[in-house]
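Below is one structure, written out as structure tokens, with a few remarks after it.
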Amino acid sequence: MGRKIEGPFYPYSQQRGEKLMAQVSVSSIIDRSSSMGYYNYIEPAKTDAATFVSIMRANDQIGLVAIDDTSPVLYTLNTLDTNHDVIQAALNVIKGISSYGNTNIKNALTNAHSMLGSASNPAKAIILLSDGEYNVGGDPLSGLPTDIPVYTIALGNSSGIQTLQSIASQTGGKYYFSPDAFELAAIYNQIANDSRVAQTSLNQRQQIPSYQFSSLPLQVPANTAHISLGVNWLNSQIDYTAGTPGVNQVSVLLRDPNNQKVALPPTFEGGEFVTFHLHDPLPGQWTVGCWCGQVPNNQFQGTMGGFEPQDSSSLSLHATHLCQHKKAPVNLRAALDTKGRAVSELQVRAYINSPLHSLAEIKQQHEQRLNTIQTDPAPEEGMSSSGPQLWALHKQLLPTENIFQRKTLPINVDASVDNDGRASINIPPFAFDNVGEHNVHLEITGKYASCGSRFSRTQQISLSATD
């Protein structure tokens with residue numbers, strides 16, 4: 001994982017005049033307990049964590065902690081260099097992770113927090129990914145330090161959602177729910193924004209049939225010193241190629257604002273991801289495309305992310321309540337901070353991704369099947385009692401039927417600009433139509449009045465609805 005491509009790499013210059021974000025120190029906690037292997041989460045989780053590390057900048061700091069019986073430090077905090085040797089070392093550690101053991105979240109947080117005690121950067125963050133409730137080591141909320149934000153990810157329907165929500169809330173971090181491994185990459189991309197690694201300007205999942213091409217626009221404002229692009233995918237049978245893709249291959253194509261193809265080798269190439277670091281890119285609308293050959297199940301599932309380390313416009317999204325009754329109005333607050341720069345031509349889009357059926361409805365609909373389903377031996381750790389049965393049925397019915405199917409619906413939203421070029425975003429209250437975990441996505445594009453170049457930002461938030 002994470003083969004470094006030899007080539008000329010440069011410090012992140014500021015010759016274009018845009019102020020860069022402050023350096024950040026991150027401790028990434030990756031759950032490697034037995035259930036991560038049981039649910040086939042471990043490899044996608046490693047890919048997404050590796051992609052996150054590979055977009056970090058020189059003088060950022062990264063450390064790695066595992067979740068298992070004792071939750072040890074896997075990679076001590078190190079400062080990234082311009083030759084990317086530290087990134088490569090961290091990627092090699094991630095590649096070697098395998099799943100086993102229990103879920104000791106408390107010790108993982110203790111080790112991650114202690115690691116950041118020696119951090120030299122002003123911004124600090126902990127990322128915590130887990131697919132299960134803690135079952136050894138004690139309650140992680142007891143004695144939880146609150147001076148460093150923890151960004152938590154609950155992966156799958158057996159995850160300890162309430163615990164992870166509380167950890168994020170008490171530390172000033174943010175909670176995310178990933179219904180499956182496909183959604184996980186977009187969440188890591190968003191946490192890059194939240195943890196101040198970079199502003200997330202592009203964050204889109206893509207499902208591309210065999211022999212097809214799909215492209216997305218990437219806005220690069222004037223005075224941008226550096227951007228990073230990350231593309232990763234779920235299927236480990238698929239490899240990256242710089243040429244025409246063949247069987248089980250995908251190619252990533254970049255075109256600059258003049259529609260010229262940019263033959264840039266990836267800065268990092270992993271088993272299921274590639275990242276590109278572009279220095280002093282031409283301002284304007286770039287195009288990022290994926291071209292697939294013949295791929296398994298005739299579908300490529302990948303995520304494209306674009307990242308700007310410039311300290312420019314930032315988009316925020318907050319909710320009055322992270323967990324509430326499904327019939328109560330959902331109140332969201334969104335804001336675009338342009339650091340005093342006037343903007344125009346705002347375009348905004350919001351949508352919600354929700355479960356088609358609640359877990360209770362799924363169990364009721366498939367009661368007879370669940371009574372007869374043969375389950376694999378399940379690990380005795382952090383898993384709900386019905387989790388193995390539902391997962392076994394889910395695997396048995398795929399790809400014909402998805403019992404955990406979700407739906408995406410638009411949300412009303414509007415954006416306006418006052419006479420001074422200040423932006424405001426309004427999301428009217430709405431209600432959930434089902435219990436369970438919901439993800440709200442917000443995207444905005446606009447134009448800086450001073451230079452006339454366009455920008456884009458993304459945000460998302462995870463909310464729980466109860467009966």
If you go through the stretch 446-467, how many residues are crowded, with 20+ Cβ neighbours inside 10 Å and of a type in the set (S, T, N, Q)? 6
From the list Val53, Val86, Val65, exactly one residue is farther than 24 Å from Asn203 by Cα, surrounded by 24 or more Cβ atoms within 10 Å (Cβ to Cβ), in contact with a strand residue (DSSP E or B) (Cβ under 8 Å, 6 or more places away or on another chain) and of a type outside the set (Gly, Ala, Ser). Which is it? Val65
Output the residues belonging to the stretch 324-340 that are more than 21 Å from the chain's Cα centre (by Cα) and surrounded by 17 or more Cβ atoms within 10 Å (Cβ to Cβ). Gln324, Lys326, Val330, Thr338
Do you know which residues across the stretch 259-275 are assigned to a strand (DSSP E or B) and surrounded by fewer than 22 Cβ atoms within 10 Å (Cβ to Cβ)? Lys261, Glu269
The strands (runs of 3 or more DSSP E) lying wholly within the stretch 412-453 that contain at least 3 residues that are under 24 Å from the mean Cα position of the chain (by Cα) are 436-448
When you go through (1) surrounded by 17 or more Cβ atoms within 10 Å (Cβ to Cβ); (2) within 23 Å of Glu43 (Cα to Cα); (3) not assigned by TED's automatic domain parsing to the domain that holds Ile153 one by one for Pro296, which number turns out not to apply? (1)
Taking the stretch 136-195 as the search range and keeping residues that are closer than 25 Å to Ser118 by Cα and charged (D, E, K, R), which one is farthest from the chain's Cα centre (by Cα)? Asp147
Note down all Cβ pairs under 8 Å where the first residue falls in the stretch 224-251 and is outside the structural domain of Glu183 (by TED's automatic domain parsing), the second is of a type in the set (Asp, Glu) and assigned to a strand (DSSP E or B), and they're at least six residues apart or on different chains. Thr224/Glu308; His226/Glu308; Ile227/Glu308; Tyr240/Glu269; Asn248/Asp239; Gln249/Asp239; Val250/Asp239
In the set Pro122, Pro145, Pro149, the lone residue that is at pLDDT below 95, surrounded by fewer than 22 Cβ atoms within 10 Å (Cβ to Cβ) and under 26 Å from Ser316 (Cβ atoms) is Pro122
Only one of Gly306, Gly289 is assigned to a strand (DSSP E or B) and either of a type in the set (D, E, K, R) or buried (at least 20 other Cβ atoms within 10 Å of the Cβ) (or both). Can you tell me which? Gly306
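The values are calculated or read from the model by the stated rules, or taken from the named source; none is laboratory data. Owing to the predicted nature of the structure, the values given are computational and were not obtained by experimental measurement. Here Cβ is always computed from backbone atoms with ideal geometry, including for glycine, and neighbour counts include all displayed protein chains.
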